[in-house]
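*Asks:* First the structure, which I've put down as C-alpha cells, then a few questions once you've had a look.
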Amino acid sequence: MTPQLSIRGVSRTFTGTKGLQTQALLPVDFEVRENDFVTILGPSGCGKSTLLRIVAGLDFPTSGQVMLDGQTIQGPGADRGVVFQSYTLFPWLTVAQNIRFGLRERSQSEAEQKERSEFFIAKVGLRGFEQHFPKQLSGGMQQRTAIARALANDPKMLLLDEPFGALDNQTRVLMQELLLGIWESARKTVLFVTHDIDEAIFMANRVAVFSARPGRIKTEIAVDFPHPRHYTIKTSPEFMALKALLTEEIRAESMAVSEH
Amino acid sequence: MKSTPSLLPPAMQRRRPVFAPLEPVSPRARWMLGVGFFVLFVMVWAAFTLSGYISPTFLASPVTMVREGWLLFTQYNFHEDIGMTVWRVFGGFAMAAIVAVPLGIAMGAYKPVEAFLEPFVSFCRYLPASAFIPLLILWAGLGEAQKLLVIFIGSVFQIILMVAVIVGGARRDLVEAAYTLGASSQGIVKRVLIPGAAPGIAETLRLVLGWAWTYVIVAELIGSSSGIGHMITDSQALLNTGQIIFGIIVIGVIGLISDLAFKVLNRRLFAWSTL
C-alpha cells in the first residue's frame, strides 16, 4: 500500500544573523499510511516541531521533499489541519465562528457551515459555549475548539504540535482520551508531536523517536494495543515495558543535549 | 463596569493603607478625586485673581470668565464658532482617516509597500503642520479648504505610520493558523490582519483626533473669520482674557466629550479585546 504521506530526505538548516548555520534536521525519511496515528517523540529542541512545520507547509526543507497523496507540498493548505501548542484561536471570533473560519474561507453555504460547526462542537463537548470568546475559555477548552476548527475543514491529515503541552496533567489526560476517541470514530491520519512518553504510547499506533539536535528518526516502535483504548492500559505491564524502553531511548538523547 | 478586587486578603482590608501600591480605589472615590482637582484648580485661580494679586489685564478671574462666556453666547453667536471649529476638526480628521487607514493597512500587510512609502511618510511626519499654513493660504486661500488641509496634513502621516506598525505587529501564529485553514493571502488581510488590528487602529484614531484639535486652533488663529481660534485672536486684540480662557476651556470640554465618546464606542465595538 502506498503511504499517504512520504517524507523523503528532508533536512533543514537555519542560517543565523551572522551567517552562522544551525542544522535542525538531518535528512529524514519517513512514511505515514492513511488513517494511521503516529506520534513523534523527542527531547525539546530536537527538530521534531520543525519537521511538523515542514509537513504543514509553514516551513520549507533545505533538501528533500514531502509528498501528500503523491503531490509535493508547496505551502500550507486546508488538506492538513494543524493544532499548535500555543493558543491560536482568533480572539475576535466566538467559538462557533472560529470553527467556521476555514469553511467560510472556502465559501461554503451558511447551512453547511452551521451543520458542520454544530457537529464538531458537540464532538469536542463544547455545547453551550458556541457564543463564548476564546479568552472566556480555559486552556483545555481552547484546544478542543482548535481541534474542532481543524477537523471541521475535513482535512486529509491532522498535524498536532504538542497541543496539550501547556495544559495541566489532568486536563491533558482527558484531552488525549478525547482526541483518541475522535480518531477511533473518524480515522483521520494523525501526526502528533510530543515530548511526553505516556502520551506518545497511549494514542499512537507507531512511535517515531527523534534523536537530539540535529534531529533524525532514531527508531520506530509499533504500539499494538487494540482500539478502542481505555486509559487503564496505561498501568498494564505491556505499556510499562514500552514506556521503560522509550524512557531509555529519550534519556540518552536528553543527556546528549545537556552535554552540548 | 466591574471593580478590581483588592489585592490584600480580606482580614487586612479593613486596615489597609490608602497609599498601598496598586491598591484600587472605589469608583465613587475615583470620581470625587477627579472632580476634586478641578475644584482645587479653580479655587487657586480664584484666590490669585479675585484678591488682586494678578492684574485682570493678564488673567481674568473665574467670575469674569463665566460672565464673558455668557456674553459670547448671548451676543456674539459663539455657538456658530464652536460649530465651525467642530466641523473643521471632524472634516479634516475624517479625510485623513479615510486616506491613512487603508494606506497604513497596506504598508503593514505588504512589506514592499512599506519599504516604498515608509521613509517618505516618516519624513513628512516631522514636518510641522502649522508651518504649512502660509503655503496653504497661498494654494487654497483663506477658505475652508485651507483649514481642513492643515488638519489633514497634521493627522494623515501620523495615522499611516501608527496603523502600519499595528498591522505589522499582527500575531504570526494566528496568520499561520489561518493559512493552515486554507486562507488565501487576501483572506489573511481581510479576516486576520484587519480584525486583529481594529482595536489598535481605533485607539490610534482617538489619540490623533486629540492632536487635530491643536492644529485647528492654530489654523484659525491665522486668517480666519470664524471658529474658536478666531474668537481667541479677536479677544486678544481687545485684551479680553476672560473670553480667551473661556474659549480654551470650551475646547477642553469638547475634546473631553469626543474622547469619552470614542472610548465608549471602541469598548462597544471591540468587546473581545478587553475581556
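*Asks:* Explain nothing, just compute: Karplus ³J(HN,Hα) = 6.51 cos²θ - 1.76 cosθ + 1.60, θ = phi - 60°, for every residue of the stretch A:123-136 in order, whole Hz, x for Gly and Pro.
*Replies:* Ordered by residue, 3J(HN,Hα) equals 4, 9, x, 10, 4, x, 10, 4, 9, 7, 8, x, 5, 8 Hz.
*Asks:* Net charge near A:Gln23: determine it from the other residues with C-beta under 12 Å of the C-beta of A:Gln23, scoring Lys and Arg +1 and Asp and Glu -1. Could you put the intermediate results ahead of the total?
*Replies:* Values: positive: A:Arg12, A:Arg213, A:Arg216; negative: none.
Neighbour charge sum, excluding A:Gln23 itself: +3.
*Asks:* For chain B, give the magnitude of the charge dipole about the Cα centre (Cβ charges: +1 Lys/Arg, -1 Asp/Glu; no others), in debye to the nearest 20. Spell out each step's value before the answer.
*Replies:* Values: 19 positive and 13 negative charges, 247 e Å.
That gives chain B a dipole magnitude of about 1180 debye.
*Asks:* List the chymotrypsin sites (Phe, Trp or Tyr not before Pro) within the stretch B:12-88 that DSSP assigns to loop and that have no more than 10 neighbouring Cβ atoms inside 10 Å. Walk me through the numbers before you get to the answer.
*Replies:* Values: sites: B:Phe19, B:Trp31, B:Phe37, B:Phe38, B:Phe41, B:Trp45, B:Phe48, B:Tyr53, B:Phe58, B:Trp70, B:Phe73, B:Tyr76, B:Phe78, B:Trp87; in loops: B:Phe19, B:Tyr53, B:Phe58, B:Tyr76.
Those that pass, being in a loop and sparsely packed, are B:Phe19, B:Tyr53, B:Phe58.
*Asks:* Let me ask something else about it. To the nearest 500 deg cm²/dmol, what mean residue ellipticity at 222 nm is calculated for the protein assembly as shown from DSSP H runs of n ≥ 4 alone, each contributing -39,500 (n - 2.57), summed and divided by the residues?
*Replies:* On the way: 19 runs with 297 residues, N = 535.
The helix-only estimate for the protein assembly as shown comes to -18500 deg cm²/dmol at 222 nm.
*Asks:* Label A:Ser185 and B:Gln236 with points 7 Å out from Cα along Cα→Cβ: what is the distance between them in nm?
*Replies:* Taking the two extended label points, one gets 7.7 nm.
*Asks:* What's the extension gain from A:Gln136 to A:Phe60 if we count 0.36 nm per residue and subtract their Cα-Cα distance? Mind showing how you got there, number by number?
*Replies:* Details: separation 76, 0.36 × 76 = 27.36 nm, distance 3.53 nm.
Length gained between A:Gln136 and A:Phe60: 23.8 nm.
*Asks:* Let me ask something else. With a/c under 1.5 counting as rounded, go ahead and sort the protein assembly as shown into rounded, prolate or oblate using the C-alpha gyration tensor (a ≥ b ≥ c being the square roots of the eigenvalues; past the cut-off, prolate if a/b is larger than b/c, else oblate). Intermediate values should be presented prior to the final figure.
*Replies:* Values: a/c = 2.92, a/b = 2.21, b/c = 1.32.
Prolate shape, in that a/c is at least 1.5 and a/b is the bigger ratio.
*Asks:* If R₀ is 25 angstrom, what is the calculated FRET efficiency for the pair B:Glu80 and B:Ala145, using the beta carbon separation as r and rounding to 0.05? Present the calculation step by step, with values, prior to reporting the outcome.
*Replies:* On the way: r = 19 Å, r/R0 = 0.78.
After rounding, the FRET efficiency stands at 0.80.
*Asks:* Out of B:Pro128, B:Ile244, B:Val192, whose Cα points farthest toward the positive end of the dipole of the stretch B:78-270 (charges: +1 Lys, Arg; -1 Asp, Glu; placed on Cβ)?
*Replies:* My answer, from the dipole projection, is B:Val192.
*Asks:* Still on this structure, please answer the following. Between rounded, prolate and oblate, where does chain B land on the alpha carbon gyration tensor, with a ≥ b ≥ c its root eigenvalues, rounded for a/c under 1.5, else prolate if a/b exceeds b/c? Let's see the in-between values first.
*Replies:* On the way: a/c = 2.84, a/b = 1.22, b/c = 2.33.
It comes out oblate by the Cα gyration axes.
*Asks:* Name the residues whose placed amide hydrogens come within less than 5 Å of the amide hydrogen of A:Val82, ignoring near sequence neighbours (fewer than 5 apart) on the same chain.
*Replies:* For A:Val82, whose amide H was placed from the backbone, the distant partners under 5 Å are A:Leu159.
*Asks:* Another question, then. Set the Förster radius R0 to 30 Å, insert the Cβ-Cβ distance between B:Phe73 and B:Arg28 as r into 1/(1 + (r/R0)^6), and round the FRET efficiency to 0.05.
*Replies:* My answer for the efficiency is 0.35.
*Asks:* Let me ask you something else. I need the phi-derived Karplus couplings for the stretch B:190-207: 6.51 cos²θ - 1.76 cosθ + 1.60, θ = phi - 60°, integer Hz, Gly and Pro marked x.
*Replies:* Once rounded to whole Hz, the list reads 6, 10, 10, 5, 5, x, x, 8, 3, x, x, 5, 4, 5, 4, 4, 4, 5.
*Asks:* Let me spell out the model: positive unit charges on the Cβ of Lys and Arg, negative unit charges on the Cβ of Asp and Glu, origin at the Cα centre of the stretch A:89-154. What dipole size does that give, in debye rounded to 20? Please list the in-between numbers first.
*Replies:* Numbers: 10 positive and 7 negative charges, 40 e Å.
It comes to approximately 200 debye.
*Asks:* Rounded to whole Å, give me the distance from the Cα center of the stretch B:69-102 to that of the stretch B:206-245.
*Replies:* Rounded to whole Å, the Cα centres lie 11 Å apart.
*Asks:* Here's another thing I want to ask about it. Here is the link list: A:Lys123/B:Lys263; A:Lys156/B:Lys190; A:Lys114/A:Lys188; A:Lys18/A:Lys156. Which ones come out longer than 30 Å on Cα distance?
*Replies:* In this structure, A:Lys123/B:Lys263; A:Lys18/A:Lys156 exceed 30 Å between Cα atoms.
*Asks:* Based on other C-beta atoms within 10 Å, arrange B:Met231, B:Met95, A:Met141 from fewest to most. Please list the in-between numbers first.
*Replies:* Details: B:Met231 25, B:Met95 16, A:Met141 19.
Lowest count first: B:Met95, A:Met141, B:Met231.
*Asks:* Another question about this same structure. Fewest Cβ neighbours within 10 Å first, please rank A:Phe164, A:Phe119 accordingly.
*Replies:* In increasing order of surrounding Cβ atoms, one gets A:Phe119, A:Phe164.
*Asks:* Further question on the same structure: Give the shape of the stretch A:89-154 as rounded, prolate or oblate, defined through the alpha-carbon gyration tensor: a ≥ b ≥ c are the square roots of its eigenvalues, a/c under 1.5 means rounded, and otherwise the shape is prolate if a/b is larger than b/c and oblate if not. Don't skip to the end; give the middle numbers.
*Replies:* Numbers: a/c = 1.78, a/b = 1.51, b/c = 1.18.
Since a/c reaches 1.5 and a/b is larger than b/c, the shape of the stretch A:89-154 is classed as prolate.
*Asks:* What's the magnitude of the charge dipole for chain A around its Cα centre, counting Lys and Arg as +1 and Asp and Glu as -1 at the beta-carbon? Answer in Debye, nearest 20. Could the numbers behind the result be given before it?
*Replies:* Details: 29 positive and 29 negative charges, 102 e Å.
Rounded to the nearest 20 debye, it is 480 debye.
*Asks:* Hey, got the average number of other protein chain Cβ atoms within 10 angstrom for residues in B:181-188? Spell out each step's value before the answer.
*Replies:* Numbers: counts 19, 14, 8, 2, 0, 1, 5, 1.
Across B:181-188, the average partner-chain Cβ count within 10 Å equals 6.
*Asks:* How crowded by other chains is A:83-96, given as the mean number of beta carbons from other chains within 10 Å of each beta carbon? List each step's numbers first, then the result.
*Replies:* Values: counts 2, 5, 1, 4, 3, 10, 2, 10, 8, 12, 3, 1, 0, 0.
Mean shielding by partner chains, rounded to a whole number: 4.
*Asks:* Apply the Karplus curve 6.51 cos²θ - 1.76 cosθ + 1.60, θ = phi - 60°, to the phi angles in the stretch B:232-237 and return the couplings in whole Hz, x for Gly and Pro.
*Replies:* 5, 4, 4, 5, 4, 4
*Asks:* At 7 Å along Cα-to-Cβ for each site, give me the label-to-label distance between B:Val18 and A:Thr22 in nm.
*Replies:* Between B:Val18 and A:Thr22, the simple spin-label model gives 5.4 nm.
*Asks:* Among B:Thr74, A:Pro155, B:Thr214, which residue has its Cα furthest toward the positive end of the charge dipole of the protein assembly as shown, with +1 on Lys/Arg Cβ and -1 on Asp/Glu Cβ?
*Replies:* The one lying farthest along the dipole's positive direction is B:Thr74.
*Asks:* Measure off 7 Å from each Cα along the Cα-to-Cβ vector at A:Ala244 and B:Asp173, then give the distance between these two points in nanometres to one decimal.
*Replies:* Placing both labels 7 Å beyond Cα along the Cβ direction yields 3.8 nm.
Every read-out reported here was derived from the displayed coordinates using simple, explicitly stated rules and does not represent laboratory data. Predicted model, so just to flag it, every value in this text is computed and none were measured. Neighbour counts run over all protein chains shown; Cβ positions are idealised from the backbone, glycine included.
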